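Worksheet for the structure shown next.
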Amino acid sequence: MLLRLIGCTLRTTMTFEEGAIQNLAEGYPGIYPFWHRCVLPATWVFRHNYPAVMTSRSLDGEFIARVISRFGFLPVRGSSSRGGQRALLEMNQLLAKGHAVAFTIDGPRGPRYVAKKGPVLLAKISGAPISGFYVAVERAWVLKTWDALMIPKPFSRIYVRFARKIFVPPDADDEAMERYHLEMQAALERITAFAEAQFSASGN
């Protein structure tokens with residue numbers, strides 16, 4: 001209820017790097033990693049697009065699963081530590097049916113801003129591209145949690161930035177997989193800095 005009340009007051013801008021998707025309709029099927037701290041504003045921004053989202057089997061994951069389900073998202077329960085292989089299989093099946101899938105990629109326990117490798121493996125086996133994104137919030141309550149979770153304040157501006165697509169070939173070996181993982185990490189860091197700068201540059 002709180003997210004619905006706040007969400008209807010938010011103003012969203014969405015931009016795309018060169019080589020990224022240029023609209024959301026183009027991004028299906030696709031793999032979308034993003035930082036855990038963005039989960040609430042991302043839930044609002046993408047509420048009409050109905051992707052599947054991997055959420056952990058922890059209490060934190062249960063809370064997130066219940067919230068996003070109310071906005072039409074499909075929670076897929078699993079993480080790097082529990083149920084991850086089964087969840088990746090389920091997400092691969094959803095990609096094959098034309099869905100988009102998303103990962104809170106530094107969850108479920110962090111470290112913050114350190115991406116796990118799940119999307120790279122999924123991109124290899126599915127052929128779908130990785131399209132990282134970040135959601136910056138002009139004004140937010142920031143919780144004292146490991147992820148510094150953001151709750152947007154009413155009438156804030158929201159800035160969404162998409163990274164260029166990363167394709168992982170099906171024959172990628174371990175060395176190549178590590179390179180693609182580092183490329184995904186760098187892409188997330190790059191778009192995070194870009195999106196946050198939109199508000200810091202204006203003094204907000």
**Item:** Restricting the range 140-170 to residues that are touching a Pro at 6+ places or on another chain (Cβ under 7 Å) and either charged (D, E, K, R) or assigned to a loop (DSSP other than H, G, I, E, B) (or both), the residue that is nearest to residue 7 (Cα to Cα)
**Value:** 165
**Prompt:** Are there any pairs, at least 6 apart or on different chains, whose C-beta atoms fall under 7 Å, with the first in the range 143-162 and of a type in the set (S, T, N, Q) and the second modelled with pLDDT under 95 and not in a strand (DSSP E or B), and if so, which?
**Reply:** none
**Request:** Go through the range 1-51 residue by residue and tally those that are more than 15 Å from residue 160 (Cβ to Cβ), in contact with a helix residue (DSSP H, G or I) (Cβ under 6 Å, 6 or more places away or on another chain) and buried (at least 20 other Cβ atoms within 10 Å of the Cβ).
**Result:** 1
**Message:** Return the residues of the range 3-32 that are closer than 22 Å to residue 137 by Cα, out of contact with any Lys or Arg (no Cβ under 7 Å at 6 or more places or on another chain) and not β-branched (Val, Ile, Thr); say none if nothing qualifies.
**Reply:** 3, 4, 5, 7, 8, 10, 14, 16, 22, 23, 24, 32
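The values are calculated or read from the model by the stated rules, or taken from the named source; none is laboratory data. What you are looking at is a predicted structure, and each value in this text was computed from that prediction instead of being measured. Here Cβ is always computed from backbone atoms with ideal geometry, including for glycine, and neighbour counts include all displayed protein chains.
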